[in-house]
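**Student:** Below are the structure tokens for one structure; questions will follow.
The values are calculated or read from the model by the stated rules, or taken from the named source; none is laboratory data. Predicted model only: the values in this text are computed from it and were never measured. Neighbour counts are summed over all protein chains in view; Cβ atoms, including those assigned to glycine, are modelled from backbone coordinates with ideal geometry. When the accessible area is computed, the model is the full protein with side chains, heavy atoms only, and any ligands, DNA or RNA have been set aside. Shrake-Rupley method; radii C 1.70, N 1.55, O 1.52, S 1.80 Å.
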Amino acid sequence: MTFRHIEAFRAVVATGSMTEASRRLHTSQPQVSRLIAQLEAITGLPLFDRSGSRVVPSLDGTRFHAEVERAFVGLTSLESAAARIRAFGAERLRVAAMPRLAGGLLARAVVRFRAAHPDVIVAIHSGDDETVNHWLATGFCDAALTMLYGDAPDAHREHVETRACVAVLPQDHPLAAQALLTPADFFGVPFVASSLGSALRNRTEAIFAAAGITLTITAEAGLGASICTLVSAGLGVSVMNPLAAYEEAKISPIAIRPFAPALPVHFALLFPPDHARGRLMRAFGACARAVLLEELAQLPDAAIGRPAPPSQAARFSAPA
């Protein structure tokens, strides 16, 4: 597999046409077709579905393209690094998080960090847990703020705090009358699950399987906001991390209840494996830890399995 194969593949995906791709690459259409055929033979994957003059990435082609784009992110960062070195530019930190944390907690940590280090450029990257782990493992990002339901592969982990996931339900759901929910309460109840293959999905299914309960899954979503929207619309109930649940409860009509047995979620900072952290990285880690602890301290006690004070419970639709 050569760079020329990948260049042709990206051009065909971008244009949807072998002819247009050849114009973009300043070569012939037969040459592009030949490169794509060779790439399919090398990978053993049918990368495109062909219909007349149009070519559309197959499912395998779409997945392969996602990996290709991740690799090109690394190439782009090398170009940027070279430009900064030539210009004797400011120091730069690249930090990542899943969307729930990137837009709120991580951004606030960056603001606090920049107040103390105004000359440092901080770039925020957002992606799913697999993408964030890939960025760390390849050194594309210097740190990540994350929620873990298991181990973090290929990364050095600094634990901040562990909380228990909570159950989320439509406000008028019969189960909202209970103070604590268990897998048995969800028998036959429509359930909105996290994405297939995600760590939360795997842990949730394991807990329900251990209790002898099969989930009645009616919908799936990768983002906590999407899960809460589906729940509030009456499509089912769910189990999710408390930070997302209580944040979404401010805008979505959902009820939140403790869930047992505990399904822990670990809030942590991740760093590249075997990566020496300098003064700036340690300073940023301290800011991120402080902001995360402040945010978690504001959650009602019900999020860690203790009854919430009446004033707090009423805000989040406490059972009558």
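**Student:** Determine which member of the set ASP172, ASP185 is open to solvent by less than 60 Å² (accessible area, probe 1.4 Å) and either within 30 Å of CYS287 (Cα to Cα) or out of contact with any Pro (no Cβ under 6 Å at 6 or more places or on another chain) (or both). Please lay out each step first, then the result.
**Tutor:** Numbers: ASP172 fails: open to solvent by less than 60 Å² (accessible area, probe 1.4 Å).
One residue alone meets the criteria, ASP185.
**Student:** Within region 284-320, how many residues turn out to be surrounded by fewer than 16 Cβ atoms within 10 Å (Cβ to Cβ) and either of a type in the set (Asp, Glu) or modelled with pLDDT of 80 or more (or both)?
**Tutor:** Summing the residues that are surrounded by fewer than 16 Cβ atoms within 10 Å (Cβ to Cβ) and either of a type in the set (Asp, Glu) or modelled with pLDDT of 80 or more (or both) in region 284-320 gives 7.
**Student:** What's the total number of residues in region 198-225 that are open to solvent by 50 Å² or more (accessible area, probe 1.4 Å) and either within 13 Å of the chain's Cα centre (by Cα) or charged (D, E, K, R) (or both)?
**Tutor:** 5
**Student:** Can you tell me which residue within region 1-14, out of those that are open to solvent by 30 Å² or more (accessible area, probe 1.4 Å) and either touching a helix residue (DSSP H, G or I) at 6+ places or on another chain (Cβ under 8 Å) or among the β-branched types (Val, Ile, Thr) (or both), is nearest to PRO57 (Cα to Cα)? Full working, then the answer.
**Tutor:** Quick first cut of region 1-14, residues open to solvent by 30 Å² or more (accessible area, probe 1.4 Å) only: 1-4, 7, 10, 13-14.
Subset that is either touching a helix residue (DSSP H, G or I) at 6+ places or on another chain (Cβ under 8 Å) or among the β-branched types (Val, Ile, Thr) (or both): 1-2, 4, 7, 10, 13-14.
On the way: MET1: 19, THR2: 20, ARG4: 18, GLU7: 15, ARG10: 10, VAL13: 7, ALA14: 10 Å.
Applying the filter and picking the extreme gives VAL13.
**Student:** Another one. Scan region 188-197 residue by residue and report those that are open to solvent by 30 Å² or more (accessible area, probe 1.4 Å) and at pLDDT below 95.
**Tutor:** Hits for region 188-197 are GLY188, SER195, LEU196, GLY197.
**Student:** Looking at VAL95, VAL110, VAL32, VAL68 in this structure, which one is over 27 Å from ASP128 (Cβ atoms), open to solvent by less than 60 Å² (accessible area, probe 1.4 Å) and either modelled with pLDDT of 80 or more or assigned to a loop (DSSP other than H, G, I, E, B) (or both)?
**Tutor:** VAL32
**Student:** Could I ask something else about it? Quick check: is even one residue across region 239-246 closer than 13 Å to VAL168 by Cα and among the aromatic types (Phe, Trp, Tyr)?
**Tutor:** yes
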